[in-house]
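The values are calculated or read from the model by the stated rules, or taken from the named source; none is laboratory data. Predicted model, so just to flag it, every value in this text is computed and none were measured. So basically every Cβ, Gly included, is an ideal-geometry build from the backbone, and we count neighbours across all protein chains shown.
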Amino acid sequence: DIKGFVFDLDGVITDTSVFHSQAWHQVADKVGVTWDDELADALKGISRMDSLNLILKKDHKENDFSEAEKEALATEKNDNYLKLVNQMTPANILPGIQDFLATVKAKGYLLSLASASKNSPLVLKKLGLSDYFPKAVDPATLTHGKPDPEIFRRGAEILDLQPGECIGVEDAAAGVQSINAAGETSIGIGDPQILSAAAINFTDTTQLTLANIQQRLA
Ligand code: BG6
Ligand code: MG
């Protein structure tokens, strides 16, 4: 029986995946790496430093920067990102998400957050959704990022649930892999080709309802 939901944040609860992309795009331009949609998708769900390394690798620039220079580039990206986050309001919650959270909470399902972002507490606060997620995995404590199962496993653990009792909700291919490897039921929200490994696929957040989930699991 499903007893809880482990949520990704960026690109599922809110449209911040676009902000992450914009902020990285500026850094890519600066270091002379060509930006494209494929790179943007590959970065979804990936930690800050891993993202920078992927960007540099794309045009074989991974050895062109010292660790200190990389730290500076990652900080610059985060500064770009925070400028966008600071303008956020509850209007940035993706359609249907607030209703879904309220419904599952009222029905007694447990909720936790499994976001790779160190900015997730701030983002939840800007959205007015902090109260839904008193339980969140702290990404600073992880040994491995998505697609490793660690983060989604911990998302179940902090709810005192077994992975089999949880549904994980993701917009990133790396995130869906993490959910599956953790032994949870995966919902992928977005392009069904990119998220083909998901147990359930919804093309957008308006489809995320308990009725739709029950229908797909039946
Ligand atoms: C993930 C995003 O949720 O968090 C990635 O999908 C991002 O794009 C990662 O790089 C880390 O975020 P932050 O805010 O700690 O740099
Ligand atoms: Mg995401």
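Numbers at a glance
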item: Filter result (over 17 Å from Gly32 (Cα atoms) and away from ligand 1 (no atom under 15 Å from the Cβ)) within region 62-82; result: Glu67, Ala68
item: In region 31-52, the residues that are farther than 24 Å from Gly190 by Cβ and either within 16 Å of ligand 2 (Cβ to nearest atom) or out of contact with any helix residue (DSSP H, G or I) (no Cβ under 8 Å at 6 or more places or on another chain) (or both); result: Gly32
item: Identity of the residue in region 57-82, assigned to a helix (DSSP H, G or I) and of a type in the set (Ser, Thr, Tyr), that ends up farthest from Thr205 (Cα to Cα); result: Thr75
item: Out of Asp59, Asp50, Asp41, sole residue that is surrounded by fewer than 20 Cβ atoms within 10 Å (Cβ to Cβ) and within 10 Å of ligand 1 (Cβ to nearest atom); result: Asp50
item: Residue selected from region 83-109 under the condition part of a helix (DSSP H, G or I) and surrounded by 15 or more Cβ atoms within 10 Å (Cβ to Cβ), by the criterion farthest from ligand 1 (Cβ to nearest atom); result: Val104
item: Qualifying residue in region 1-24 (condition: free of Cβ contacts under 8 Å to residues at least 60 places away in the same chain, surrounded by 15 or more Cβ atoms within 10 Å (Cβ to Cβ) and more than 16 Å from ligand 2 (Cβ to nearest atom)); result: no
item: Condition check for Val27: within 16 Å of the chain's Cα centre (by Cα), of a type outside the set (Asp, Glu) and surrounded by 14 or more Cβ atoms within 10 Å (Cβ to Cβ); result: no
item: Within region 66-77, considering residues that are touching a helix residue (DSSP H, G or I) at 6+ places or on another chain (Cβ under 7 Å) and of a type outside the set (D, E, K, R), the one farthest from His144 (Cα to Cα); result: Leu73
item: Single match in Leu124, Leu82, Leu161 (criterion: at pLDDT 95 or above and within 16 Å of ligand 2 (Cβ to nearest atom)); result: Leu124
item: Verdict on Ile187 being within 20 Å of Ser117 (Cα to Cα), among the β-branched types (Val, Ile, Thr) and assigned to a strand (DSSP E or B); result: yes
item: Any hit, region 47-62, residues being over 19 Å from the mean Cα position of the chain (by Cα) and hydrophobic (A, V, I, L, M, F, W, C); result: yes
item: Ile194, sole failed condition from (1) on the phi > 0 side of the Ramachandran plot; (2) touching a helix residue (DSSP H, G or I) at 6+ places or on another chain (Cβ under 9 Å); result: (1)
item: Subset of region 132-175 that is in a helix (DSSP H, G or I) and of a type in the set (A, V, I, L, M, F, W, C) - its residue that is surrounded by the fewest Cβ atoms within 10 Å (Cβ to Cβ); result: Ala140
item: Single residue of Val27, Val12, Val6 found to be touching a Ser or Thr at 6+ places or on another chain (Cβ under 9 Å) and within 12 Å of ligand 1 (Cβ to nearest atom); result: Val12
item: Ala181 without any contact (Cβ under 8 Å) to a residue 60 or more places away in the chain and either in contact with a Cys (Cβ under 6 Å, 6 or more places away or on another chain) or of a type in the set (A, V, I, L, M, F, W, C) (or both); result: yes
